[in-house]
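J.: For reference, the structure I am asking about is given below.
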Amino acid sequence: MSQPLTGKIALVAGATRGAGRQIAVQLGAAGATVYATGRSTRERRSEMDRPETIEETAELVTAAGGTGIAVPVDHLDPDQVRRLVDRIDAEQGRLDVLVNDIWGAEPFITWETPLWEQPLDDGLHALRLAIDTHIITSHFALKLLVRNPGGLVVEVGDGTTEYNASNYRVSFFYDLAKTAVNRLAFAQAHELRQHGATAVALTPGWLRSENMLELFGVTEENWQDALEKQPHFAISETPAFVGRAVAALAADPDRARWNGRSVSSGELAQVYGFTDLDGSRPDAWRYLVEVQDPGKPADVTGYR
């Protein structure tokens, strides 16, 4: 099995579950050493109050062929992030890939409720979790990443810049958070270009995360049972799909062509040729615009 990222060092901030976990795993499958960070450990859970842990993620990275290292970090705490980066520097002397996938704000988002009726403290805390964590992490980690040319920063959000610019994302605070994350990638791309590094905003499609599967009352093995409740769920993808997108970007010697751009897992699959675990290439954001949003009947023909 080819491992093009052997010798590369990656930090996946927010690797406990969902997209972050599988980004870490797929980087490991490509041979990378991956520092997997988050707040949920075997000793303590975050506000998400879910069973997944960063230790499990690190073990999955190692089982996939890489080296997984779990580090408990609250990315709102600059001192913890500084110590994390100092540790990576001391142990590896370099950082090649930074993935800002930190979120954990779902308990604080109020859906389909106008701003003036929402709990203000919850909304502001959601923004801190979604935006401040990324800024704090990049502030410390980029100093190490730019030490060697060719570094990659991936800002993981929800929705492309094009889609988010013309569509309200269901909640004021969620809308603002997901728009801002894409802009973080754009701004970092501008500053990193002169150092030979690349920053990209990346969105998965409709993600079959642990939380989403639980919401629909299904598992990965029987996820299609959820189509009775939500037929458009047929376009959904596993977290491994966006994980393979990040691994493909990291292994591409010409990754600078994506600098400052906002892309989706489905778009990158068409370029790099990777597939989801079932061999398909779901193009969720094109489907959303062309099928779901116009109110057409669910039909994924030509979209996966």
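The values are calculated or read from the model by the stated rules, or taken from the named source; none is laboratory data. Computed from a predicted structure; not experimentally measured. Cβ atoms come from the backbone with ideal geometry, glycine included; neighbour counts cover every protein chain shown.
J.: Could you pull out the residue among Gly93, Gly66 that is in contact with a strand residue (DSSP E or B) (Cβ under 9 Å, 6 or more places away or on another chain) and surrounded by fewer than 17 Cβ atoms within 10 Å (Cβ to Cβ)?
T.: On the way: Gly66 fails: surrounded by fewer than 17 Cβ atoms within 10 Å (Cβ to Cβ).
Exactly one of Gly93, Gly66 is in contact with a strand residue (DSSP E or B) (Cβ under 9 Å, 6 or more places away or on another chain) and surrounded by fewer than 17 Cβ atoms within 10 Å (Cβ to Cβ), namely Gly93.
J.: Further question on the same structure: Can you confirm whether region 127-143 contains a residue that is of a type outside the set (S, T, N, Q) and assigned to a loop (DSSP other than H, G, I, E, B)?
T.: Going residue by residue through region 127-143, those that are of a type outside the set (S, T, N, Q) are 127-132, 134-136, 139-143.
Next, from what is left, pick out any that are assigned to a loop (DSSP other than H, G, I, E, B): none.
No, region 127-143 contains no residue that is of a type outside the set (S, T, N, Q) and assigned to a loop (DSSP other than H, G, I, E, B).
J.: Quick check on my filter: what residues within region 109-126 are assigned to a helix (DSSP H, G or I) and either out of contact with any helix residue (DSSP H, G or I) (no Cβ under 6 Å at 6 or more places or on another chain) or touching a residue at least 60 places away in the same chain (Cβ under 8 Å) (or both)?
T.: Once the filter is applied, which keeps residues that are assigned to a helix (DSSP H, G or I) and either out of contact with any helix residue (DSSP H, G or I) (no Cβ under 6 Å at 6 or more places or on another chain) or touching a residue at least 60 places away in the same chain (Cβ under 8 Å) (or both), region 109-126 yields Trp116, Glu117, Leu120, Asp121, Leu124.
J.: Output the number of the condition that Arg193 fails; it satisfies all remaining conditions of (1) among the basic types (Lys, Arg); (2) touching a helix residue (DSSP H, G or I) at 6+ places or on another chain (Cβ under 7 Å); (3) not in a loop (DSSP other than H, G, I, E, B).
T.: Failing condition for Arg193: (2).
J.: Turning to a different aspect of this structure: Need the failing condition index for Val81 against (1) of a type in the set (A, V, I, L, M); (2) under 20 Å from Ala251 (Cα atoms); (3) touching an Asp or Glu at 6+ places or on another chain (Cβ under 9 Å), just the number.
T.: Here Val81 meets the rest and fails (2).
J.: What are the residues in region 174-217 that are touching a Lys or Arg at 6+ places or on another chain (Cβ under 6 Å) and acidic (Asp, Glu), if any?
T.: Asp175, Glu210
J.: Could you go through region 227-239 and let me know if any residue there is in contact with a Lys or Arg (Cβ under 7 Å, 6 or more places away or on another chain), more than 17 Å from Gly205 (Cα to Cα) and either crowded, with 19+ Cβ neighbours inside 10 Å or at pLDDT 95 or above (or both).
T.: Going residue by residue through region 227-239, those that are in contact with a Lys or Arg (Cβ under 7 Å, 6 or more places away or on another chain) are 235-239.
If we keep only those that are more than 17 Å from Gly205 (Cα to Cα) too, we end up with none.
Within region 227-239, none of the residues are in contact with a Lys or Arg (Cβ under 7 Å, 6 or more places away or on another chain), more than 17 Å from Gly205 (Cα to Cα) and either crowded, with 19+ Cβ neighbours inside 10 Å or at pLDDT 95 or above (or both).
J.: To continue, here is another question. Filter region 90-124 for residues that are within 17 Å of the chain's Cα centre (by Cα), at negative phi and of a type in the set (Gly, Ala, Ser) and give the result.
T.: Ala105, the sole residue that qualifies.
J.: Checking the condition in a helix (DSSP H, G or I), over 24 Å from Gly7 (Cα atoms), modelled with pLDDT of 95 or more and more than 21 Å from the chain's Cα centre (by Cα), which residue from Val271, Val289, Val300 passes?
T.: Val289
J.: Can you say whether Ser166 is buried (at least 23 other Cβ atoms within 10 Å of the Cβ), more than 19 Å from Val12 (Cα to Cα) and out of contact with any Ser or Thr (no Cβ under 8 Å at 6 or more places or on another chain), as far as the supplied structure shows?
T.: No, not satisfied.
J.: Would you point out the residue of region 130-162, among those that are within 15 Å of Ala10 (Cβ to Cβ) and small (Gly, Ala, Ser), that is surrounded by the fewest Cβ atoms within 10 Å (Cβ to Cβ)?
T.: Selected residue: Gly150.
J.: Among what's in region 4-59 and is assigned to a loop (DSSP other than H, G, I, E, B) and among the hydrophobic types (A, V, I, L, M, F, W, C), pick the residue that is surrounded by the fewest Cβ atoms within 10 Å (Cβ to Cβ).
T.: The residue in question is Met48.
J.: In addition: Hey, does region 82-92 have a residue that's without any contact (Cβ under 8 Å) to a residue 24 or more places away in the chain and of a type in the set (Gly, Ala, Ser)?
T.: Among the residues of region 82-92, at least one is without any contact (Cβ under 8 Å) to a residue 24 or more places away in the chain and of a type in the set (Gly, Ala, Ser), which makes the answer yes.
J.: Does region 187-209 include one or more residues that are basic (Lys, Arg), surrounded by fewer than 19 Cβ atoms within 10 Å (Cβ to Cβ) and touching a residue at least 12 places away in the same chain (Cβ under 8 Å)?
T.: Looking through region 187-209, at least one residue is basic (Lys, Arg), surrounded by fewer than 19 Cβ atoms within 10 Å (Cβ to Cβ) and touching a residue at least 12 places away in the same chain (Cβ under 8 Å).
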